[in-house]
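What follows is a short report on a single structure.
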Amino acid sequence: MDIYMDNSATTKVADEVKEIVLKVMTEDFGNPSSKHIKGVEAEKYIKDAKQIIASSLKVKDKEIFFTSGGTESNNLAIIGAANAYKRSGNHIITSKIEHPSVINPFVYLEEQGFDVSYVGVDSQGHIDEEELKSLLRPDTILVSFMMTNNEVGATQDVKRLVDIIRENNKATIIHVDAVQAYAKYKIFPSKWGVDLLSVSGHKLHGPKGIGFLYIKEKTKIKPIILGGNQQDGIRSGTENVPGIAGLGLAAKLAYEGFDEKIAHMREIRDFMSKEFAGIEGVSVNNETGDNAPHIVSASFEGVKSEVFLHSLEDKGIYVSSGSACSTHKRAPSGTLVALGVKKELLDCTLRFSLCDENTMDEAKYVVEAVKELYPKLKLFRHY
């Protein structure tokens, strides 16, 4: 039996999505910039996907721009906005628990001369509101933070943070990385006052290599890819029509029966969290705070995460030792450090991430496997 609980790294492409991607690749394969019927057919897929996604966010179709995924969306939002507004100020803010596709653009901008501040979080992964207030300045042009943390599932109250930022500086551009939040929450960027919002297709049973960036109307962005002026010049390059069609359908499917799907995942998440927390030597990260319905992060004292990961793999259970985008790095998780996780646990943490297809029987099997393996693996370290 194979049990896949690494859905925060990537999800299985839905059958319906696979079919539409194949159809566009092999039948409706025209270039959407072409004037003939094949081009018109391709362009319709783009328009339809925009309409589906815009409807899910309650925004305008023209505010949706397609990218190659979450990393490009974050880079375009952060670098594009910082460069567009640099005449208004030089100060930008992000948090200490961001994804590398946010942290690294901030590092890059700091090298370009921008003044960067990194706001801390509490033990549950929520942004320190008082510190955020203290960091905001008249020349703060951009604040970027993730809605749901990819490692521990901590979820920010976006509207509250936006209100804090606006009270201190109404002109500040606000970017939200919603890669782990979209399809897990109902998200309303316009209503909340968000200017930019990033999403990736392969986190919601869509294809890899496709994502989108919501750009609020009249928000200025300097493009980071220059070319043939596709997508109003914001993101040039021939559009990935098969990916866009797949993403649009994946977004549609994600919000069908939404409440039932989320309740199902949360029931499993809460069960696993409670069971792990009851094991001596195990601590669950973000157990009590606002958390995503699909992520359980647990630290297993005395057992290296990579050892535990492969022991579970031997039983057909697939989980992660952290962010899939930073697993090749030996440095400790910046998120876990920021949460105040003990030093000896930083390399002993596993992430179990769900989708709506996971079952309670699978969860029980995983819990029993953990309870069986943990004492044995912990014992081995003494030899």
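Note on the chain: percent of Cα-Cα distances in each 20 Å bin, starting at 0 and stopping at the bin with the largest distance, equals 28, 55, 16, 0. For the residues Thr26, Thr71, Thr11, a GNM of the chain with alpha-carbon springs under 10 Å puts the largest fluctuation on Thr26. Under the simplified labelling scheme, the Ile37-Asp314 pair shows an inter-label distance of 6.1 nm, with each label point 7 Å from Cα along Cα→Cβ.
Segment Val337..Val107, full-extension length gain: 81.0 nm, with 0.36 nm per residue of separation and the alpha-carbon distance subtracted. Computed with a 1.4 Å probe over protein heavy atoms only, the accessible area of Thr219 comes to about 20 Å².
Longest stretch of the chain clear of exposed loop sites (trypsin sites (Lys or Arg not before Pro), DSSP loop, at most 12 other Cβ atoms within 10 Å, sites excluded): 219-328.
Looking at the range 2-76, the accessible area is 51 square angstrom per residue; that uses a 1.4 Å probe and ignores ligands, DNA and RNA. Simple rule: put +1 on each Lys or Arg Cβ and -1 on each Asp or Glu Cβ in the chain, find the dipole, and look at Asn7, Ser299, Tyr85; the Cα lying farthest toward the positive end is Tyr85. Phe29 sits with roughly 130 Å² accessible to a 1.4 Å probe, with DNA, RNA and ligands left out of the calculation. P(r) for the range 138-188, from all Cα pairs and a bin width of 5 Å, is 5, 20, 29, 20, 14, 9, 2 %, short bins first. Cross-link partners for Lys62 among the aspartates and glutamates, with Cα-Cα distance under 17 Å and sequence neighbours closer than 8 places in the same chain left out: Glu43, Asp48, Asp195, Glu217, Asp232, Glu239.
The share of accessible area on the range 226-270 that comes from carbon and sulfur is 51 percent, using a 1.4 angstrom probe.
For the chain, the membrane-span-like helix rule (DSSP H, alpha carbon extent of at least 18 Å along the helix axis, mean Kyte-Doolittle at least 1.0) picks out 241-254; this says nothing about an actual membrane. At full extension, Tyr365 and Thr10 could sit 125.6 nm farther apart than now, given 0.36 nm per residue minus the alpha carbon distance.
With the convex hull drawn over the C-alpha atoms of the range 43-123, the volume per residue is 140 Å³. Legend: calculated FRET efficiency, Phe188 to Ser88, from the Cβ-Cβ distance at R0 = 30 Å, rounded to 0.05, equals 0.70.
Among Tyr255, Tyr108, Tyr85, the largest mean-square fluctuation in a Gaussian network model of the chain, built with springs joining Cα atoms closer than 10 Å, belongs to Tyr108. Site pair Val116 and Asp28 shows an inter-label distance of 4.1 nm when each label is modelled 7 Å from Cα along Cα→Cβ. The figure for Asp139 is an accessible area of roughly 50 square angstrom, using a 1.4 Å probe on the protein chains alone.
The values are calculated or read from the model by the stated rules, or taken from the named source; none is laboratory data. Just so we're clear, the structure is a prediction, and the values are computed from it rather than from any experiment. Reconstructed Cβ throughout: ideal geometry from the backbone, glycine too, with neighbour counts over all protein chains shown. The accessibility values were calculated without ligands, DNA or RNA, using every heavy atom of the protein model including side chains. Shrake-Rupley method; radii C 1.70, N 1.55, O 1.52, S 1.80 Å.
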